[in-house]
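None of the figures in this text is laboratory data; all of them are computed from the coordinates on show. No experiment lies behind these values; they were computed from the predicted model shown. Cβ atoms come from the backbone with ideal geometry, glycine included; neighbour counts cover every protein chain shown.
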Amino acid sequence: MRVLYGVQATGNGHISRARAMGKYLQAEGIAVDFLFSGRPANQLFDMQQFGDYQVKTGLTFVTEQGQISYPKTALRAKPLELWRDIRQLDCSAYDLVLTDFEPITAWAARMQKKRSVAFGHQYAFLHQIPQTHSTPLSRNIFKFFAPGQQQIGLHWHHFNQPILPPIVDLEPAINTADPNKVLVYLPFEDQHKVLQWLQPLTQYQFYLYGPGLSKSQHGHIQCSGPCVDEFKRDLHQAHAVISNAGFELVSEALQLQKRILVKALQGQMEQQSNALALTQLQLGQSTDTLNTAVIKEWLASQPQNKQVQYANVAQALAKWIRAGACPTELQQLNLW
């Protein structure tokens, strides 16, 4: 069985899901060719697992100071290149096309009438789940950005809808958390400001990851640029996580039973809805503003958050795909 797997590369969460799925698809004897879009090839890192993958421009949102910049997003869009890439992508050699909210593979499969399965967090928004700041534009993006013949949404709770738990890329490990260690990942914020917020809180050890940062030590703050292995290690060892409200890192933190504080990317309906769901489910806290006082108060508090333990969704989906990806059999997996 040969599969084409499209991955939206604008955020590391989609790539993290692909790491988990790739391992289990390979274990099932499925040959997988990966295509990434939405990020320049020179900004991708630790990609050895994906072999001889393709990189396309695709579509992405431009962010500044923790908010989406719609004017710059429109200026940097390349619709003609997107259309050309869709038309030129040949899906004939594949038994199935998978897409994690990646538009080129999704639309190429649709145009060539190739069987496709779309899965990811964004497809959960096609169902009745907690949502805020929903607009006709955001609803159409979820519906038409990267459609599949079969669409599988992922979320932290089923909300009595036909959606699945998160796919998390975590190796089995003893979760021995240091009560003073805090992982901070706020890629959409000004990293200089983040350093300023953390500087006075000397009673904690912060491990700050972010774009543009180099590996360096600033007293009780250790900085690092994006990477995989060290980030996973620090995630396992941290007692708490401060992040934007992206889906994948929060999912991994929940699986490891970490305390979580999120700040949603303003103007991004998905992240704002994630923050709402996280608080409604009593799995973590959210804030509209981050500064030293907010972080200090949260770290000193002792909220009684609920804990979750998710099934191995990546393994179950890989086996389901190998067996033929029958829609009726998917609902019988009983992964909650």
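Quick notes on this structure:
- Database remark: amide H of GLN268 closer than 5 angstrom to the amide H of ILE68 (H placed geometrically; neighbours at sequence offset of 5 or more, or on other chains; Pro and chain starts carry no H).
- FRET efficiency, ASP95 to GLU297 (Cβ-Cβ, R0 45 Å, nearest 0.05): 0.25
- Among the listed pairs LYS56/LYS232; LYS181/LYS263; LYS113/LYS143; LYS23/LYS306; LYS56/LYS143; LYS23/LYS56, those with a Cα-Cα distance over 25 Å are LYS56/LYS232; LYS23/LYS306.
- Cα shape, the stretch 163-206, gyration tensor, a/c 1.5 rule: oblate
- Each peptide in 243-251, 52-60 gets a packing score, the mean of other Cβ atoms within 10 Å over its residues, and the list from highest to lowest is 243-251, 52-60.
- Local net charge near GLY246, Cβ-Cβ under 13 Å (Lys/Arg +1, Asp/Glu -1): -2
- Given their separation in residues at 0.36 nm each and the Cα-Cα distance between them, PHE144 and ARG115 gain 8.8 nm when the chain is fully extended.
- The local environment of TRP83, defined by Cβ-Cβ distances under 14 Å, has a net charge of +3 under the rule Lys, Arg +1 and Asp, Glu -1.
- Inter-site label distance for GLN161 and MET1 at 7 Å from Cα along Cβ, in nm: 2.7 nm
- Highest GNM mean-square fluctuation among LEU96, LEU265, LEU213, for the chain modelled with Cα contacts below 10 Å: LEU213.
- Once the Cα-Cα distance is subtracted from the 0.36 nm per residue extended length, the THR135 to LYS193 segment shows a gain of 17.8 nm.
- Net charge over other residues, Cβ less than 15 angstrom from the Cβ of VAL294 (K, R count +1; D, E count -1): +1
- In units of the compact-protein estimate 2.2 N^0.38 Å, the stretch 209-273 shows a Cα radius of gyration of 1.19.
- Computed from Cα atoms alone, the Kirkwood hydrodynamic radius reported for the stretch 148-305 is 16.2 Å.
- Between ALA31 and GLN309, the modelled labels are 4.0 nm apart [label points 7 Å from Cα along Cα→Cβ].
- For the stretch 104-118, putting each phi into the Karplus relation 6.51 cos²θ - 1.76 cosθ + 1.60 with θ = phi - 60° gives couplings of 5, 5, 4, 6, 5, 4, 5, 5, 9, 6, 8, 4, 9, 10, 9 Hz, in residue order, rounded to whole numbers and with x for Gly and Pro.
- Note on ALA177 and GLN48: their simple-model spin labels are 3.1 nm apart, each label 7 Å out from Cα toward Cβ.
- In the list (i) 0.99; (ii) 1.12; (iii) 0.95, the label attached to Rg/Rh (Cα atoms, Kirkwood Rh) as derived from the coordinates here is (iii).
- The Cα atoms of the stretch 272-336 give a gyration tensor whose axes a ≥ b ≥ c have a/c of 1.5 or more with a/b greater than b/c, which makes the shape prolate.
- Taking amide H atoms as placed 1.01 Å from N in the peptide plane, the amide H of GLY58 lies under 5 Å from those of GLY38, each 5 or more residues away in sequence or on another chain.
- Calculated diffusion of the stretch 83-189, Stokes-Einstein form, Kirkwood radius summed over Cα pairs, 25 °C and 0.890 mPa s, µm²/s: 150 µm²/s
- Scoring 121-127, 224-230 by mean Cβ neighbours within 10 Å over their residues and listing the highest first yields 121-127, 224-230.
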